[in-house]
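Colleague: Got a structure for you, written out below as structure tokens; questions coming shortly.
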Amino acid sequence: HDKQEALIEILLQYLQQTEYTIQNYDQLQSQGSSSERVTQLQDYYYLLFRTIFQKYTNQIPLDLGKKIWILTETLLKFRKTVFEEANLALGSLALNMKQTFTDIFTLYFPFLDFSIKQYSIAGLTTSGLASLLNSIRSLGGNISSQCESIVKTLIDVCTSSDVSRNNKTIAITCLGEIALTMELRFEPFLSSVMELLFSACKMGIEATQNDDNDEDTIEFVKCLRIELVQAFTCIQFAMDSK
């Protein structure tokens, strides 16, 4: 019990320091800190948050979780971009809080949706979407409407000609994970998603038949096969829940 109380106290101190870097950005720069340095500090604090949430054995109370969210929301708005460490920290917080994170997720969802859309333009990473998947697993059926919106966004990512091949393979994995979470609620999307997956299979087969394949293409095809198998498996388990 004493260790848990001490951990909460440390967490509150880090919250205060993170709040300081957000509110005093201009002051820190005037004192000689570069914008890169301030960003590094913010990243460091959220890395610590993530570690604490993963190690903390008791559930973080809702009032403290909301305070963490308020600071994170401020930072996400301040940075105006996808903030990987903040997203990952919130994913770990969701796993810690479980169903009590539902209220925060409702507020957090627009940033997740924004993140996916940003990833479709910039660089998508598996770690950047861990927050999304962790949150969905923690909350289960309480967020079915948000899941539906995420599925539509991921389909757009997979079908856009402006999205890189790497981004599309990771989006395919996310579709499988969401199907597993939504179970029968995924059925309205089954036809369009399966069509998408079979199209990706055909693309992978055609790529292997090209004698001019470079190393990047060969690696992409290997990765695509793994992601497709995982997505198909998740969807099968989801439909078997009948």
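The values are calculated or read from the model by the stated rules, or taken from the named source; none is laboratory data. None of the values given here were measured: they were computed from a predicted structure. Ideal geometry is used to build each Cβ from the backbone, glycine not excepted, and the neighbour counts take in all protein chains shown. For accessibility, only protein heavy atoms count, side chains too; no ligands or nucleic acids. Shrake-Rupley method; radii C 1.70, N 1.55, O 1.52, S 1.80 Å.
Colleague: Round to the nearest 10 and report in Å² the accessible area of residue 77, as given by a 1.4 Å probe over the protein chains' heavy atoms.
Modeller: Result for residue 77: roughly 120 Å² accessible.
Colleague: On a full-extension model of 0.36 nm per residue, what is the gain between residue 203 and residue 64, subtracting their alpha-carbon distance, rounded to one decimal in nm? Can you show the working numbers first?
Modeller: Numbers: separation 139, 0.36 × 139 = 50.04 nm, distance 4.77 nm.
Going from the current span to full extension adds 45.3 nm.
Colleague: Using a 1.4 angstrom probe, figure out how much accessible area the stretch 164-242 has per residue, in square angstrom, rounded to the nearest whole. Write down the numbers at each step before the final one.
Modeller: Numbers: 4550 Å² over 79 residues.
Heavy-atom accessible area per residue stands at 58 Å².
Colleague: Just read off the accessible area of residue 51 with the full protein assembly in place, 1.4 Å probe, to the nearest 10 Å².
Modeller: 60 Å²
Colleague: Check the straight Cα-Cα distances from residue 67 and name the aspartates and glutamates below 16 Å, setting aside those fewer than 8 residues away within the same chain.
Modeller: Qualifying aspartates and glutamates at Cα under 16 Å: 9, 19, 103.
Colleague: Follow-up. Can you list the aspartates and glutamates whose alpha carbon sits under 16 Å from that of residue 202, skipping same-chain ones fewer than 8 residues off?
Modeller: Partners found: 227.
Colleague: Something else now. Please identify which residues in the stretch 164-205 have an amide N closer than 12 Å to a label point set 7 Å out from the Cα of residue 148, following the Cα→Cβ vector.
Modeller: Backbone N within reach: 185-189.
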